[in-house]
Amino acid sequence: MYVKRDADGAISAMSSEAGAGFSEWLADDASELLEWQQERSLRESLQRLQGSDSDMIRVLEDLIEVLLQRGVIRITDLPEAAVAKLNSRSAERAKLSELSGLIDQNEEDVLI
């Protein structure tokens, strides 16, 4: 593999072909290359996980709402901090919902 290095001399990218910035060749089983690939894989996994956090938060909010509506749990069953966060997020979503009404109007009715 051909590698590109950053200013500190660490591998920053790899390519199967030589090219601009990819002039140094390392064996596929070179420990430095294997470590870089493993770190890159871990970073990518972490980014995917972090990217799904907001979706998962919404799923949990919806689940809590369903459990409350069906009487499975009561709002008082939740810790005060959780209730405060849920209420805050619910209020923010309501504000966004109101604002989206302005955006969906015809151009001549938009107040922005």
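The values are calculated or read from the model by the stated rules, or taken from the named source; none is laboratory data. Keep in mind that what you see is a predicted model, and the values were worked out from it rather than measured. FYI the Cβ positions are ideal-geometry reconstructions off the backbone, even for glycines, and counts take in every protein chain you see. Surface areas here come from the heavy atoms of the whole protein model, side chains and all, with no ligands, DNA or RNA. Shrake-Rupley method; radii C 1.70, N 1.55, O 1.52, S 1.80 Å.
Could you please give the count of residues in the stretch 13-37 that are surrounded by fewer than 12 Cβ atoms within 10 Å (Cβ to Cβ), small (Gly, Ala, Ser) and outside any loop (DSSP other than H, G, I, E, B)?
2
How many residues does the stretch 88-112 contain that are charged (D, E, K, R), surrounded by 10 or more Cβ atoms within 10 Å (Cβ to Cβ) and either modelled with pLDDT under 55 or over 21 Å from Ile57 (Cβ atoms) (or both)?
0
Being under 30 Å from Asp6 (Cβ atoms) and small (Gly, Ala, Ser) is the requirement here; does Ala20 meet it?
Values: under 30 Å from Asp6 (Cβ atoms): yes; small (Gly, Ala, Ser): yes.
Yes.
Look through the stretch 55-71, keep the residues that are open to solvent by 70 Å² or more (accessible area, probe 1.4 Å) and not charged (D, E, K, R), and return whichever of them is farthest from Arg93 (Cα to Cα).
Gln69
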